[in-house]
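The values are calculated or read from the model by the stated rules, or taken from the named source; none is laboratory data. Values in this document were obtained by computation on a predicted structure and should not be read as measured data. Ideal geometry is used to build each Cβ from the backbone, glycine not excepted, and the neighbour counts take in all protein chains shown. Accessible surface areas use protein heavy atoms only, side chains included; no ligands, DNA or RNA. Shrake-Rupley method; radii C 1.70, N 1.55, O 1.52, S 1.80 Å.
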Amino acid sequence: MTQTITVIRGDGIGPEIMDAALYVLDAMRVGLQYEEMDAGMVALEKHGELLPAATMDSIRKNRVALKSPLTTPIGEGFSSINVELRKRFDLYANVRPAKSFPNTKSRFPTGVDLITVRENTEGAYIGEGQSLSEDGETALLTQKVTRRGSERIVRYAFDLARSAGRKKVTIVHKANILKSTSGLFLKVAREVAQKYPEIECNELIVDNCCMQLVMKPEQFDIIVTTNLFGDIISDLCAGLVGGLGLAPGANIGTEAAIFEAVHGTAPDIAGKGLANPCALLLAAGQMLDHIGQPQNATRLREAIVATLEAKDSLTPDLGGTGNTMSFAKAIATRI
Ligand code: ATP
């Protein structure tokens, strides 16, 4: 059976890494058809808007999108296209795995295998109620956390633990100081955790969590937290295992799910064929898990690891002399 997904090639290195990712997916014969849609600068130039209605319709219809990085030009209506997509599709769960891989310039070449599940739609990060007093002396921001928002993200984290065979969920908060917002998140998280007695659950205050991540990251399995803490923690985790070139992310809602590389458009290397396609490929792995093809997701991840282990055709960011396509071809031969 074939499934159609929306493919957004994006800006900068986006088209190059997407070619590489689709090459590997095609080699795997996973039964995907691609509906290519525009967003970002390409869309602005072709259609006069950053997020054309046709692209939104395609994501709504297919419910799954694989997306390269996009440029949001300053002064074009949104602060970020990615944030806009999250809002429009209510993509409430941001899921960022961080795993040690061989032959990466990383602080933890082994031992890290964790997933950050970040609430994506509320809290301080969305910048609600921002204002600056007339005299420029006082700035304000509203932070809203809801029972519904907290419940669905914590449920998502525990369901993920169940389906992925993970053992532990760590609730990360700052309820000792942010008693209302983080307090509500923690209260609801404790209630949800009780419904999953087979999954170990612990709680950590966010500052302690950051220290523990740097000192003993192997103790973590799944982390669930609010929007701003999750934003910071997930980049910290990417840094532990070798940076953004190997960091995938998924934005998941009830109506749609968008899978992407965490890095940006890398204008400094765009068009040179030097970009590392791994982050987008690992995001494709998350997508295969999501659409009910976990065995193919494992095949893909194992082929990536084997290629890294063999140091075969790696891109310059990983110390190799290969290019985007030679790396993808080396992965495809190991599928
Ligand atoms: P943007 O504004 O789109 O976020 P940026 O340049 O600020 O772009 P990134 O695109 O994430 O941020 O790039 C940060 C650095 O990491 C750059 O030096 C870039 O070349 C490098 N980089 C990012 N992604 C990759 C990749 N896939 N392969 C190799 N290098 C990468």
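So if I check each of 237, 210, which one is touching a strand residue (DSSP E or B) at 6+ places or on another chain (Cβ under 8 Å) and either of a type in the set (A, V, I, L, M, F, W, C) or under 26 Å from residue 112 (Cα atoms) (or both)?
Values: 210 fails: touching a strand residue (DSSP E or B) at 6+ places or on another chain (Cβ under 8 Å).
Checking each option against the conditions leaves just 237.
Checking residue 145 against (1) surrounded by 13 or more Cβ atoms within 10 Å (Cβ to Cβ); (2) assigned by TED's automatic domain parsing to the domain that holds residue 231; (3) assigned to a loop (DSSP other than H, G, I, E, B); (4) out of contact with any Asp or Glu (no Cβ under 8 Å at 6 or more places or on another chain), which single condition isn't satisfied?
(4)
Residue 42 is checked against (1) modelled with pLDDT under 95; (2) farther than 22 Å from residue 253 by Cα; (3) under 20 Å from the mean Cα position of the chain (by Cα) and fails just one. What number does that condition carry?
Only one criterion is unmet by residue 42, namely (3).
Regarding residue 249, is this residue within 16 Å of the ligand (Cβ to nearest atom) and within 22 Å of residue 124 (Cβ to Cβ)? Before you say what the answer is, go through the steps one by one.
Working: within 16 Å of the ligand (Cβ to nearest atom): yes; within 22 Å of residue 124 (Cβ to Cβ): yes.
It is true that residue 249 is within 16 Å of the ligand (Cβ to nearest atom) and within 22 Å of residue 124 (Cβ to Cβ).
Counting only residues that are in contact with a Lys or Arg (Cβ under 9 Å, 6 or more places away or on another chain) and either in contact (Cβ under 8 Å) with a residue 40 or more places away in the chain or open to solvent by 10 Å² or more (accessible area, probe 1.4 Å) (or both), give me the helices (runs of 4 or more DSSP H) lying completely in segment 269-335 with at least 2 of them. Steps first, answer last, please.
Values: elements: 278-290, 294-310, 324-332.
Hits in segment 269-335: 278-290, 294-310.
Find the residue count for segment 110-135, including only residues that are over 17 Å from the mean Cα position of the chain (by Cα), open to solvent by 70 Å² or more (accessible area, probe 1.4 Å) and modelled with pLDDT under 95.
3
Sort out which residues of segment 64-93 are more than 19 Å from residue 283 (Cα to Cα) and among the small types (Gly, Ala, Ser), and write them in order of number.
75, 77, 79, 80
Name the strands (runs of 3 or more DSSP E) wholly inside segment 159-261 in which the number of residues that are among the hydrophobic types (A, V, I, L, M, F, W, C) and surrounded by 13 or more Cβ atoms within 10 Å (Cβ to Cβ) is 3 or more. Reasoning before the result, please.
Numbers: elements: 168-173, 200-205, 222-225, 248-252, 257-261.
Per the criteria, 168-173, 200-205, 222-225, 257-261.
Filter segment 74-109 down to residues that are part of a strand (DSSP E or B) and charged (D, E, K, R) and give me whichever is surrounded by the most Cβ atoms within 10 Å (Cβ to Cβ).
If we filter segment 74-109 for residues that are part of a strand (DSSP E or B), which is where we start, we get 93-99.
From what's left, charged (D, E, K, R): 96, 99.
Numbers: 96: 25, 99: 20.
Among those that are part of a strand (DSSP E or B) and charged (D, E, K, R), it is 96.
Which ones in segment 272-294 are more than 12 Å from the ligand (Cβ to nearest atom) and not hydrophobic (A, V, I, L, M, F, W, C)? Don't jump to the end; show me each part of the working.
Our first condition is that a residue be more than 12 Å from the ligand (Cβ to nearest atom); within segment 272-294, this holds for 284-294.
Residues satisfying the conditions are 285, 286, 289, 290, 292, 293, 294.
Go through (1) assigned to a loop (DSSP other than H, G, I, E, B); (2) among the small types (Gly, Ala, Ser); (3) open to solvent by less than 30 Å² (accessible area, probe 1.4 Å) and name the single condition residue 58 misses.
Condition (1) is where residue 58 drops out.
What's the number of the condition residue 17 fails, among (1) part of a helix (DSSP H, G or I); (2) of a type in the set (Val, Ile, Thr); (3) open to solvent by 40 Å² or more (accessible area, probe 1.4 Å)?
In the conditions (1) part of a helix (DSSP H, G or I); (2) of a type in the set (Val, Ile, Thr); (3) open to solvent by 40 Å² or more (accessible area, probe 1.4 Å), residue 17 misses (3) alone.
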